[in-house]
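Derivation of every value follows stated rules applied to the coordinates shown; laboratory data play no part. Note that this is a predicted model, so its numbers are computed, not measured. Every residue, glycine among them, receives a Cβ derived from its backbone with ideal geometry; neighbour counts consider all protein chains shown.
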Amino acid sequence: MSQTDRAVRVRFAPSPTGPLHIGGVRTALYNYLFARRHGGKMILRIEDTDSQRFVPGAEDYINEALAWLGIEIDEGVREGGPFGPYKQSERRDIYREHVKMLLDNGKAYIAFDTPEELQAARDAHPNFQYDASTRMSMRNSLTMPAEEVKELIDNGHQYVVRFLVEPGRDVEVDDLLRGKVVIKSDILDDKVLYKSADDLPTYHLANIVDDHLMEVSHVIRGEEWLPSAPLHVLLYEAFGWSDTAPQFVHLPLLLKPDGKGKLSKRDGDRLGFPVFPLEWHDPASGAISTGYRESGYLPEAVVNFLALLGWNPGDDTEVMNMSELIERFSFDHCSRSGAKFAFEKGKWFNHTYLQEMPNDKLASLFVPVLEAHGVDAGAFAPDYIAAAVGMVKDRINFVNDLWDNARFFFVAPTEYEAKAVKKRWTPGMPETMAALADLLEAQEDFGSATLEPLVMKWIADRELHLGNVMNAFRLTVVGECKGPHMFAITDLLGRDETVRRIRRGIENIKPAE
Ligand code: GLU
């Protein structure tokens with residue numbers, strides 16, 4: 001069957017060895033976009049055959065991260081499905097049976113070499129590799145009599161099963177982004193496929209067997225798995241599955257935002273951006289690593305940002321929600337070279353999505369921030385909070401930034417920006433402000449449409465300096481000389497609060513020496 005008329009079934013196959021890295025999230029996203037684009041299925045398979053590296057909490061973390069981002073799973077541990085179990089540690093019988101198939105067909109063999117013996121071989125031959133050139137001098141079922149092999153196994157000796165790689169073969173790896181690459185089988189070693197010690201297969205065997213049994217059509221994964229691909233091609237062949245082998249798609253690496261090389265957690269620490277989708281509490285060290293969610297990113301923004309790291313829609317469209325991404329996604333516009341992790345662009349996406357969010361929704365996200373700063377948000381009407389965030393949202397990249405920009409709507413200033421005081425709180429200004437307070441206090445209609453022309457006329461009639469007066473006014477109300485339009489602020493604060501703030505400013509602002 002050709003790849004093109006095959007039902008699309010893709011899998012995201014993380015190993016629960018820690019928090020999902022942002023590169024892994026992009027892999028999951030591309031799998032998802034491709035599956036949805038082609039009406040296919042998205043499988044989440046947990047590859048937990050390496051018991052040494054298992055980390056408690058990692059699987060839950062993966063599920064929670066994907067759910068937060070809106071990457072829906074069709075078949076998986078939680079979702080179930082016709083090809084389960086979807087956790088490799090629950091598929092031992094299947095792997096055992098497949099290991100036996102390879103042994104019976106002479107495609108694999110049993111090896112008893114102890115770690116010490118392997119180390120001795122490495123010490124003796126600097127370039128030692130377990131392969132056609134060395135296997136006949138090692139302790140395995142190819143060099144030992146069958147009875148001895150049986151006896152050792154019956155007596156409970158530990159062994160591994162190794163794949164028998166035939167030398168002198170050309171192995172063709174066909175990658176959708178990279179085309180066909182041919183490598184010599186001689187450079188491959190006889191990889192361990194199974195370990196009797198924990199009765200579990202290694203990654204390679206389990207991965208291949210499951211991709212076959214789960215009828216995976218496309219293996220979309222990070223470029224770091226490309227070196228495993230030739231072995232996987234040979235394994236499909238050894239099982240007789242080459243005709244239905246999945247199409248490989250190895251995604252380009254995510255690179256450091258600056259300089260060369262692969263993106264690492266250290267880059268995030270150094271430059272101040274998260275490399276994990278959600279906050280991660282390391283169960284062993286207790287260390288906490290920040291996540292995109294906890295740093296105030298919206299899942300839509302993270303998805304949009306990640307989608308464009310290695311792919312573009314074919315034109316310069318940047319802002320696309322999940323359904324738009326699905327509609328436009330294709331590997332035709334996927335790049336082969338690494339994508340720089342331009343985290344500043346991630347902030348821009350967050351800013352952009354925050355602008356599109358209705359003010360009442362944004363206000364509800366701001367309430368916990370207010371509470372965290374000791375403000376009793378319940379004392380303010382929802383409309384008031386929504387109007388306040390609406391006035392400042394064009395200045396923010398994150399919900400948390402609302403505090404710096406809108407705090408004065410909730411807490412009257414008690415301190416005043418020193419530079420502005422020096423410049424604006426000039427002799428005579430307290431008296432001018434007192435007169436302004438009197439004027440405002442007498443106002444029935446405090447709406448900006450009435451108040452603005454009234455104050456403008458008052459300033460003009462007295463031949464006062466417009467900039468000086470308005471900035472001093474702002475200083476008393478906001479505490480500094482920035483913020484939205486002054487009469488939009490007074491409109492929302494209302495007469496009593498505005499007048500109270502002017503009077504408090506007159507009392508508390510100490511002119512510069
Ligand atoms: N378990 C591997 C991982 O942790 C899966 C690689 C693959 O997708 O084949 O990424």
Checklist entry - Between 382, 429, 455, whose Cα lies farthest towards the positive end of the dipole of the range 355-513 when Lys and Arg beta carbons carry +1 and Asp and Glu beta carbons carry -1, centred on the Cα centre? => result 429
Checklist entry - Where in the range 50-85 is the amide nitrogen less than 15 Å from a point lying 7 Å along the Cα-to-Cβ axis of residue 94? => result 75-85
Next on the checklist: Given R₀ = 60 Å, what would the calculated FRET efficiency be for residue 461 paired with residue 270, taking r from the Cβ atoms and rounding to 0.05?
Outcome noted: 0.55
Checklist entry - Among the chymotrypsin sites (Phe, Trp or Tyr not before Pro) within the range 28-75, which fall in a DSSP loop and have no more than 15 other Cβ atoms within 10 Å of their own Cβ? => result 54
Checklist outcome for this item: Simple spin-label estimate for residue 294/residue 53, 7 Å along Cα→Cβ, in nm, reads 2.4 nm
Item to check | FRET efficiency, residue 327 to residue 361 (Cβ-Cβ, R0 22 Å, nearest 0.05) | outcome: 0.35
Checklist entry - In debye to the nearest 20, how big a dipole does the chain give about its Cα centre with +1 on each Lys and Arg Cβ and -1 on each Asp and Glu Cβ? => result 1160 debye
Checklist outcome for this item: Summing -39500 (n - 2.57) over every DSSP H run of at least 4 in the chain, dividing by its residue total and rounding to the nearest 500, the 222 nm mean residue ellipticity is -13000 deg cm²/dmol
Checklist entry - Considering only 38, 109, 82, whose Cα is most displaced toward the positive end of the charge dipole of the range 1-127, charges sitting on Cβ of Lys, Arg (+1) and Asp, Glu (-1)? => result 38
Next on the checklist: What are the ³J(HN,Hα) couplings of the range 322-329, residue after residue, when phi is run through the Karplus curve with 6.51, -1.76, 1.60 and θ = phi - 60°? Round to Hz, x for glycine and proline.
Outcome noted: 4, 5, 5, 4, 4, 4, 9, 5
Item to check | Efficiency of FRET from Cβ geometry, residue 151 and residue 119, R₀ 22 Å, rounded to 0.05 | outcome: 0.30
Item to check | Relative packing of 98-107, 207-216, which averages over residues the other C-beta atoms within 10 Å, highest first | outcome: 207-216, 98-107
Checklist entry - What percent do you get for the relative contact order of the chain when only Cα pairs under 8 Å and 6+ apart count? => result 12 percent
Item to check | Value of relative contact order over the range 328-397, rounded to a whole percent, pairs C-alpha under 8 Å and six or more apart | outcome: 41 percent
Checklist entry - Ranked from highest to lowest mean number of other Cβ atoms within 10 Å per residue, what is the order of the peptides 227-236, 314-323? => result 227-236, 314-323
Checklist entry - Which of the listed residues, 14, 25, 51, is farthest toward the dipole's positive end in the range 13-63, when Lys, Arg count +1 and Asp, Glu count -1 at the beta-carbon? => result 25
Item to check | Pair residue 426, residue 181: separation of 7 Å Cα→Cβ label points (nm) | outcome: 7.1 nm
Item to check | Taking the range 21-163 and dividing mean pair separation by its residue count, relative contact order in percent (alpha carbons under 8 Å, at least six apart) | outcome: 20 percent
Checklist entry - Hey, fewest Cβ within 10 Å first, where do 474, 424 land in order? => result 474, 424
Next on the checklist: Please list, in order along the range 116-133, the HN-Hα scalar couplings obtained from phi with the Karplus expression 6.51 cos²θ - 1.76 cosθ + 1.60 (θ = phi - 60°), rounded to whole Hz, x for Gly and Pro.
Outcome noted: 5, 5, 5, 5, 4, 5, 5, 5, 6, 10, x, 9, 3, 9, 6, 7, 4, 7
